[in-house]
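The values are calculated or read from the model by the stated rules, or taken from the named source; none is laboratory data. Just so it is clear, the model here is predicted, and its values are computed rather than measured. Every residue, glycine among them, receives a Cβ derived from its backbone with ideal geometry; neighbour counts consider all protein chains shown.
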Amino acid sequence: MPLPLVSVIIPNYNGKELLSQLLPSLKVEKLIKEIIVVDDGSNDGSPDFILKYFPKIRLISLDKNTGFAPACMEGAKISSSDYYLFLNNDIQIYSPFLEPMVELAEKERDTFSVVPQIINASNHLFNEALIKMFFSLGFFYQKPLLLNSYSVALPLPYGCGAAVLVKKDKFWQLNGFDTMFAPFYWEDFDLGFRGWLSGWQTIYQPESKVIHLHSTTINRTYTKTKIEIIFRRNQFLFHWKNITSKRLLAEHLLFLFLKLIKYSLTFNSCAINAFFQARKLLPIIKERRKNRRNKKLKDLDVIKLYAEISKKN
């Protein structure tokens, strides 16, 4: 049987130069049914550039910058394929890379997403896809795995949002990316975590490879201080949304309290600012926590799975 086709969804903000490299390289990928570029309020002429040089691409132009998750969701809404490939505009692909990912996804019914090798452009020994997650002292942490250690398909905690293939039906059963995490960071981990809660796995496909010019758009747009605040804010939001075990929640709140004391004593204004920004979103968090029905696993189960994955890897 022929493999199902894929909709490529690319969020873009002031990335005309990056798109001029990425879009032509996708032409050789036979499984692509359509390419959807969601222009996220660019002011560099990206929409006109796409209309002129890539008229077959489906273009969505947003009036203002909304962030990664909202832009991806706008693209997903108009897709007509069985799979979505979310791709950052600062990705360079090694073709063919899509077919091995779809083949792997089709083999296992419980597969939610597949992630390729994502090689960091500034450090080719760093594969952004290969990470392990663990829960310690009330918080989730991640640790990178060595690039050359893994040449076979294996389960991962989540698919890095820079380049991840997801099954359309499962994506919508999970309500897609949570736009609460806009403009960026933690939305991909959140999606993968919710996939595991539903009993669906993320798999690494080493036969596919891309190069990532990491955070090109983010670093052009935001200061380091602003990036750190957003990262920390979303870190808080993720934990408050997804930790439901009474024991884990008590552990988190205890170490959160200790961290806040440390932040105050060390005048860590970024962390304190992030905490209060996250606190403002508690009403949204309460609504998100209610939407936990029909989950096959609990957060403790997923943490145990992450530990098993780490042992195998």
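Looking for something touching a helix residue (DSSP H, G or I) at 6+ places or on another chain (Cβ under 7 Å), in contact (Cβ under 8 Å) with a residue 12 or more places away in the chain, assigned to a helix (DSSP H, G or I) and among the aromatic types (F, W, Y) - is there at least one such residue anywhere in the stretch 172-179?
Start the filter on the stretch 172-179 by keeping residues that are touching a helix residue (DSSP H, G or I) at 6+ places or on another chain (Cβ under 7 Å), which leaves 174, 176-179.
Those left that are additionally in contact (Cβ under 8 Å) with a residue 12 or more places away in the chain: 174, 176-179.
Subsequent filtering for residues that are assigned to a helix (DSSP H, G or I) retains 179.
Applying the additional criterion that residues be among the aromatic types (F, W, Y) yields none.
Within the stretch 172-179, not a single residue is touching a helix residue (DSSP H, G or I) at 6+ places or on another chain (Cβ under 7 Å), in contact (Cβ under 8 Å) with a residue 12 or more places away in the chain, assigned to a helix (DSSP H, G or I) and among the aromatic types (F, W, Y).
Considering only residues that are aromatic (F, W, Y), in contact (Cβ under 8 Å) with a residue 60 or more places away in the chain and under 20 Å from L237 (Cβ atoms), which ones fall in the stretch 152-171? Break it down into steps so the answer makes sense when it comes.
Here is the first cut: in the stretch 152-171, the residues aromatic (F, W, Y) are 158, 171.
Filter once more, so that each one left must be in contact (Cβ under 8 Å) with a residue 60 or more places away in the chain: 171.
Selection gives nothing.
Regarding the stretch 260-272, can at least one residue be identified that is among the aromatic types (F, W, Y) and free of Cβ contacts under 8 Å to residues at least 12 places away in the same chain?
Residues of the stretch 260-272 among the aromatic types (F, W, Y): 263, 267.
Checking the rest, the ones that are also free of Cβ contacts under 8 Å to residues at least 12 places away in the same chain come to 267.
Looking through the stretch 260-272, at least one residue is among the aromatic types (F, W, Y) and free of Cβ contacts under 8 Å to residues at least 12 places away in the same chain.
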Helices (runs of 4 or more DSSP H) wholly inside the stretch 246-313 containing at least 2 residues that are of a type in the set (D, E) and out of contact with any Cys (no Cβ under 6 Å at 6 or more places or on another chain): 299-312
The stretch 239-255 residues that are without any contact (Cβ under 8 Å) to a residue 12 or more places away in the chain, paired with ones that are surrounded by 14 or more Cβ atoms within 10 Å (Cβ to Cβ) and part of a helix (DSSP H, G or I) (beta carbon under 6 Å, 6 or more apart): none
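Give the residue that is modelled with the highest pLDDT, with candidates limited to residues of the stretch 145-167 that are among the β-branched types (V, I, T) and over 17 Å from I119 (Cβ atoms).
Here is the first cut: in the stretch 145-167, the ones among the β-branched types (V, I, T) are 152, 164, 166.
With the extra rule that they be over 17 Å from I119 (Cβ atoms), the set shrinks to 152, 166.
Details: V152: 84, V166: 98.
Among residues in the stretch 145-167 that are among the β-branched types (V, I, T) and over 17 Å from I119 (Cβ atoms), the one modelled with the highest pLDDT is V166.
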Those strands (runs of 3 or more DSSP E) lying entirely in the stretch 18-101 with at least 1 residues touching an Asp or Glu at 6+ places or on another chain (Cβ under 7 Å) and crowded, with 22+ Cβ neighbours inside 10 Å: 32-40
